[in-house]
Amino acid sequence: MSISQIGDRWELGMLRKRWAGVVLIATVGWSAVACIAPGIGAEPPAAPAITKVDFTPQERAEALGYWTPQRMKQLGVDLDLGPTGPIAQNWSGVQMKTIGRLFFVHGDNGKDSYCTATSVHSDNRDVVLTAAHCVQKGSAPAFPYTTMVFVPGYDNGKVPYGVFPVRSFLMPTSFVNESKNDVAALVVDPVDGKHVNDVVGAQRVAVGRKPGKQVVSFGYPASNPQLGEQLMHCAGKSAVDHTVTDPSNPHQLVRCDMTGGSSGGPWLADLNTNTGQGIVVSVNSSLGVPDTMAGSVFGDEVQQLLLEASRS
């Protein structure tokens, strides 16, 4: 495993200036393309610093051997975080195959754990989005997590689309040092020669979108009776988290009582319930006040994460 820092670059396809408004990241051919609201501002500042962790081929092979279906299923039983609350509900709509469980081993205590993650559009067709605290202990540079695999469409012990080993992950250096901007991008290996975006599809990601819209938050909470075996969701209108006053670390809230295990799950706006496609505007970060889930407001850090991950 190796750790490196990336910074001082600002690129998005052929764009050379900072554009105001919402940035909607998708993939066309081999270029990252932004669909952006009108308005051109000044020359861009230096890009936010990004920390990248790479896993060797041997480490990735060991992760595949470690995470057997039996170990995955047993993990929820071992964690059992108590009864499922009344707000979160089992998802019974179209299969959300872009969403899955991210399994890993804690870097500080060596214990098995998991989060939720989502396949998102990328040039390399290998990028998955989750929370930074699902890959690294915040404010603790010496403790990246290890032995990672992503299982899209996980359902009651079934792994219908394969198990994708994580070859690298990227997170804002502000999270590594200060626990700010709790978002991470994973780059996964193809399985049987097929990229994760090609196998299960991918969600679009919006950067710069203000809270206040209807969203659906997804996750695999380790509460009972589900114990991480079923995809669950909460739906509601997002709102600004006024308890966080640091402008470099903005948060938003949605009414939700999903427990641990749901961390990293996407907040999908404009969800098409027939296709399962929406726009990722945040990821589950932490429970705030009772019955409230907090997530980062996506800004420059997320844009840079996706750009760097897309060329990894």
Inter-part distance where the stretch 268-307 and the stretch 195-217 are each reduced to a Cα centre, Å: 7 Å
Vicinal HN-Hα couplings computed from phi for the stretch 113-127 (Karplus, 6.51 cos²θ - 1.76 cosθ + 1.60; Hz; Gly/Pro x): 7, 7, 9, 10, 8, 9, 5, 10, 4, 7, 4, 7, 6, 10, 9
Listed residues Pro225, Pro247, Pro57, most fluctuating in the chain (Gaussian network, C-alpha, under 10 Å): Pro247
Relative packing of 193-201, 99-107, which averages over residues the other C-beta atoms within 10 Å, highest first: 99-107, 193-201
For the chain, alpha-carbon Rg and Dmax in angstrom: 17.8, 54
Cα-based shape type of the stretch 198-275, given that a ≥ b ≥ c are square roots of the gyration tensor eigenvalues and the cut on a/c is 1.5: oblate
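With a 1.4 Å probe and all protein chains left in place, how much accessible area per residue does the chain have, in Å²?
Numbers: 12800 Å² over 312 residues.
Per residue, the chain has an accessible area of 41 Å².
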Candidates Phe298, Phe164, Phe55, ranked by Gaussian network fluctuation over the chain, Cα under 10 Å, top entry: Phe55
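Using a/c under 1.5 as the rounded threshold, could you call the stretch 89-146 rounded, prolate or oblate? The axes a ≥ b ≥ c are square roots of the C-alpha gyration tensor eigenvalues, and prolate needs a/b larger than b/c, oblate otherwise. Please report the intermediate quantities before stating the final value.
Values: a/c = 2.85, a/b = 1.60, b/c = 1.78.
Cα axes put the stretch 89-146 in the oblate bin.
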Rounded percent of accessible protein surface that carbon and sulfur make up, the chain, 1.4 Å probe: 54 percent
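The values are calculated or read from the model by the stated rules, or taken from the named source; none is laboratory data. Nothing here was measured: the structure is a model prediction, and the numbers come from that model. Glycine also receives a Cβ, built like all others from the backbone with ideal geometry; neighbour counts cover every protein chain displayed. When the accessible area is computed, the model is the full protein with side chains, heavy atoms only, and any ligands, DNA or RNA have been set aside. Shrake-Rupley method; radii C 1.70, N 1.55, O 1.52, S 1.80 Å.
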